[in-house]
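The values are calculated or read from the model by the stated rules, or taken from the named source; none is laboratory data. This structure is a prediction, so every number in the text was calculated from the model and none was measured. So basically every Cβ, Gly included, is an ideal-geometry build from the backbone, and we count neighbours across all protein chains shown. Ligands, DNA and RNA are stripped out before the accessible areas are found, and what is left, the full protein with its side chains, is counted by its heavy atoms. Shrake-Rupley method; radii C 1.70, N 1.55, O 1.52, S 1.80 Å.
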Amino acid sequence: MRPFSAIAASCLLFAAPAGSSVPLTPAGNGHLVVPAFVNGKGTVPFILDTGADGSHVYEWFARQQGLKSGTPIRVEGMTGAAMMPTYRLDSIAVDGRTIRDVDVTGLPDRKDAEIAAGVTGNDLMDGAIAIFDFPCRTVSLLPKPVAMRRILTPGAVMIRAGTVAEGTQLTLPVTVNGAAGIAVLDTGSRGTQINTAFARASHIDRGGLGRGETLYGAAGEATDT
């Protein structure tokens, strides 16, 4: 099962669902984080990432918590592969939703001012309705089944999402300068990215943009801003 994510353009698009929500807080360098409980303790700032199949922790947090490293695994990204440590967590919980006995990958510490302790992805959101309300800076995780029409106000527009071939990421149809394409919905990204092939198809002049940061994820190749 895959999560259904609703992205709100206004706080007023959603009726107040039964249950709670958690705040989306700036992490210091573009990401937004939610309060998470790890091994029953917390809260600590985690990125709630629809672009991630599983969960991860940054090495500083693993050291702080005294996590015992397991067998390293080979993690493949768009531009190569690297061996990374693994850890076992008893639990991760966000907004009352909990996953247990979680195998996580250790991520290298960031070099900026960001405070995120880790990332939790579609493993946590599987079987839930994830409502990201960016204008109001909140997230709600509602257990299925949920009648979406009871949550969305009459002015909201529903878009049916697709999926990537081998993964849990959601995709949405997009059109740029008349060129149609498919975009990955990635709440863990700090901005919108476009690959070189689609930039050419949509006649975007990349000459003045410069090269963006390398991405690792579902698309299978390096992409530029």
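Do we find that Val164 is of a type outside the set (Asp, Glu), under 18 Å from the mean Cα position of the chain (by Cα), crowded, with 16+ Cβ neighbours inside 10 Å and closer than 30 Å to Asp205 by Cα in this structure?
When the stated conditions are applied, Val164 passes them.
Only one of (1) touching a Ser or Thr at 6+ places or on another chain (Cβ under 8 Å); (2) open to solvent by less than 40 Å² (accessible area, probe 1.4 Å) fails for Ala156. Which number is that?
Result: Ala156 passes all but (1).
Looking at Phe14, Phe4, Phe37, which is the one that is at pLDDT 95 or above and among the aromatic types (Phe, Trp, Tyr)?
Sole residue among the options that is at pLDDT 95 or above and among the aromatic types (Phe, Trp, Tyr): Phe37.
Counting only residues that are at pLDDT below 95 and among the acidic types (Asp, Glu), give me the strands (runs of 3 or more DSSP E) lying completely in the stretch 79-171 with at least 3 of them.
Details: elements: 81-84, 86-94, 97-107, 118-120, 128-133, 138-143.
Filter on the stretch 79-171 gives an empty set.
Tell me, please, whether a residue that is of a type outside the set (Gly, Ala, Ser), in contact with a Gly (Cβ under 9 Å, 6 or more places away or on another chain), open to solvent by 50 Å² or more (accessible area, probe 1.4 Å) and modelled with pLDDT under 95 can be found in the stretch 46-54.
Yes, the conditions are met somewhere in the stretch 46-54.
Just give me the residues in the stretch 175-191 being surrounded by 11 or more Cβ atoms within 10 Å (Cβ to Cβ), under 24 Å from the mean Cα position of the chain (by Cα) and in contact (Cβ under 8 Å) with a residue 12 or more places away in the chain, in sequence order.
Across the stretch 175-191, the qualifying residues are Val176, Gly181, Ile182, Ala183, Val184, Leu185, Asp186, Thr187, Gly188, Ser189, Arg190.
What do you reckon, is Arg74 assigned to a helix (DSSP H, G or I), surrounded by fewer than 20 Cβ atoms within 10 Å (Cβ to Cβ) and either free of Cβ contacts under 8 Å to residues at least 40 places away in the same chain or in contact with a Ser or Thr (Cβ under 6 Å, 6 or more places away or on another chain) (or both)?
Here the answer is no, as Arg74 does not meet what is asked.
Enumerate the pairs (first residue in the stretch 19-30 and under 10 Å from Pro45 (Cα atoms); second residue anywhere and open to solvent by 60 Å² or more (accessible area, probe 1.4 Å) and part of a loop (DSSP other than H, G, I, E, B)) with beta-carbon separation below 8 Å, excluding pairs fewer than 6 apart on the same chain, so at least 6 apart or on different chains.
That search, which allows pairs on different chains as well, returns Leu24/Phe134; Leu24/Arg137; Thr25/Arg137; Ala27/Ile115.
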